Amino acid sequence: VSPKNQKRTSWLIHGDDTKKLGEMWNNTAVDDKQPYEKKAAKLKEKYKKDIAAYRAKGKPDAVIKGVVKAEKSKKKKEEEDDEEDEEDEEEEE
């Protein structure tokens, strides 16, 4: 890593450090882990609610327009297919 980039990435944890932290966590007593696991569970529930609320709001206008256009073109194609089917049925009679 160049000296210039080293300053920007000095906060990163590297592989050996990550392994050591994992070992420390695995060797920690269950009672000591409990507060962290409870907090993680609460944050996970909050995340799920936030995502559900975000999805319920819908997507930005540009995306909605794209979806609407796609749905319209799909509907139009289905209508054309239906018309072709009707024409085929008339020809058979």
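Quick notes
- Hey, LYS69 modelled with pLDDT of 70 or more, surrounded by 10 or more Cβ atoms within 10 Å (Cβ to Cβ) and over 22 Å from the mean Cα position of the chain (by Cα) or not: no
- Residue in the stretch 24-47 that is outside any helix (DSSP H, G or I), open to solvent by less than 90 Å² (accessible area, probe 1.4 Å), among the hydrophobic types (A, V, I, L, M, F, W, C) and modelled with pLDDT under 85 present: no
The values are calculated or read from the model by the stated rules, or taken from the named source; none is laboratory data. These numbers were taken from a predicted model, which means no experiment stands behind them. With ideal geometry, Cβ positions are generated from the backbone for all residues, glycine too; neighbour counts draw on all protein chains shown. Side chains are part of the model used for accessible areas, which takes the heavy atoms of the whole protein and leaves out ligands, DNA and RNA. Shrake-Rupley method; radii C 1.70, N 1.55, O 1.52, S 1.80 Å.
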